[in-house]
Amino acid sequence: MRIEGSTVLVTGANRGIGRAFVSAFLARGARRVHAAARNPAALEPVVAEAPDRVVPLALDLTDPATVEAAAEAASDVTLLVNNAGTHGMGHLLDMDLGVVEDVMRTNYLGTLRVLRAFAPVLERNGGGAVANVISIGAFAGTPSLGGYPASKAALHLMTQAVRADLAPRGIAVHAVFPGPVDTDMFDYAVRCEPALGEFPRTSAAEVAAAVVDGLEAGEEDIFPDAFAAEIGREWRADPKALERRLMHI
Ligand SMILES: NC(=O)c1ccc[n+]([C@@H]2O[C@H](COP(=O)([O-])OP(=O)(O)OC[C@H]3O[C@@H](n4cnc5c(N)ncnc54)[C@H](OP(=O)(O)O)[C@@H]3O)[C@@H](O)[C@H]2O)c1
């Protein structure tokens with residue numbers, strides 16, 4: 001996919017990787033970036049980066065009315081970046097089940113809701129692409145990460161299923177598997193489980209730039225940092241060994 005001249009929508013664009021995505025797409029010549037957040041007031045500094053090209057948009061993945069309104073407002077989108085996501089650390093057998101439900105509702109069902117709303121938009125605009133930000137967390141059931149690995153594994157399998165359904169409609173579907181990224185989300189995870197601190201982090205800007213490279217190169221599965229690429233190789237070679245490597249975390 002060629003980014004220059006494209007119209008992009010990024011969910012969760014107010015901070016972290018989403019905010020870095022907005023800068024990366026602007027730098028690569030996107031015509032317009034719809035920056036979506038559940039609190040549009042938080043987008044002020046993002047819009048300030050390029051007020052003539054960044055359009056703020058209200059969108060909460062778990063609120064169908066905002067998703068439908070966003071799909072109507074951003075009717076020119078040719079690249080949908082499903083970046084927004086949430087985390088709730090804990091062990092599945094004793095943590096608050098409501099937190100597990102929230103993670104699944106957001107990362108899996110919420111992302112699917114956005115995709116369902118925007119697939120017709122992309123199709124009307126002549127096809128285009130979708131990038132689903134998953135995680136290397138999808139490759140093993142790491143005990144301290146609560147419902148997050150399952151939510152991302154579900155998103156991975158959903159990504160494969162919709163890839164097949166959307167190909168005939170001219171829409172390419174990319175899966176993005178970052179390793180640890182220096183954002184609020186990873187800070188929170190390390191605060192809850194210090195053992196995660198042993199893994200190398202990549203900056204959000206580097207990850208966003210690598211994803212844009214992967215999209216332009218037409219890579220179906222994008223591993224945007226060195227640690228993610230290493231875990232991806234391990235997962236392909238020996239998923240059981242990866243499960244054992246992560247079982248102490
Ligand atoms: N950081 C990592 O190590 C890492 C690694 C692999 C994958 N990822 C994935 O990368 C994506 C971005 O993560 P990040 O590290 O940038 O996290 P972050 O700093 O915590 O930012 C998460 C973003 O998602 C938004 N969001 C959460 N729930 C939402 C909802 N219901 N509707 C709309 N927006 C919602 C947040 O909005 P608010 O500001 O309103 O909360 C925020 O903009 C996520 O999908 C995450 O799972 C992160």
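The values are calculated or read from the model by the stated rules, or taken from the named source; none is laboratory data. Here the structure is a predicted model, which is why all the values come from computation and not from measurement. Here the Cβ positions follow ideal geometry from the backbone for every residue, glycine too, while neighbour counts run over all protein chains shown. Heads up: the accessible areas ignore ligands, DNA and RNA and are worked out on the full protein's heavy atoms, side chains in. Shrake-Rupley method; radii C 1.70, N 1.55, O 1.52, S 1.80 Å.
Annotations
- Think of region 70-203 as a dipole: +1 on every Lys or Arg Cβ, -1 on every Asp or Glu Cβ, centred on the Cα centre; then among L155, T106, T78, T78 lies furthest on the positive end.
- Accessible area (Å², 1.4 Å probe, nearest 10) - E4: 110
- Cα-projected label distance for D165 with T62, points at 7 Å along beta-carbon direction, nm: 2.3
- Solvent exposure ordering (accessible area, 1.4 Å, most first) of V211, V99, V47: V99, V47, V211
- Residues S135, S75, ordered by accessible area of protein heavy atoms at a 1.4 angstrom probe radius and largest first, appear as S75, S135.
- Computed over the chain, the quotient of the alpha carbon radius of gyration and 2.2 N^0.38 Å is 0.96.
- Think of it as helices only: each DSSP H run of n ≥ 4 in the chain is worth -39500 (n - 2.57), and spread over all residues that comes to -13500 deg cm²/dmol at 222 nm.
- Per residue accessible area in Å² of the chain, where ligands, DNA and RNA are left out and the probe is 1.4 Å: 44
- Peptides 105-117, 221-233 ranked from most to least packed by the mean count of surrounding Cβ atoms within 10 Å: 105-117, 221-233.
- For the chain, a simple Cβ point-charge model (Lys and Arg +1, Asp and Glu -1, everything else neutral) yields a dipole of about 380 debye relative to the Cα centre.
- Cα radius of gyration and Dmax for region 117-249 (Å): 15.7, 48
- Potential lengthening between A237 and E198 on full extension [0.36 nm per residue; Cα-Cα distance subtracted]: 11.8 nm
- FRET efficiency, 1/(1 + (r/R0)^6) with R0 41 Å, evaluated for D182 and A73 via beta carbons: 0.85
- Accessible-area composition of region 7-246, carbon plus sulfur, in percent [1.4 Å probe]: 52
- At least 15 Å along the helix axis (C-alpha) and Kyte average at least 1.0, DSSP helices within the chain: 16-27, 204-217
- When you restrict to C-alpha pairs under 8 Å that are six or more residues apart and normalise by the size of the chain, the relative contact order lands at 19 percent.
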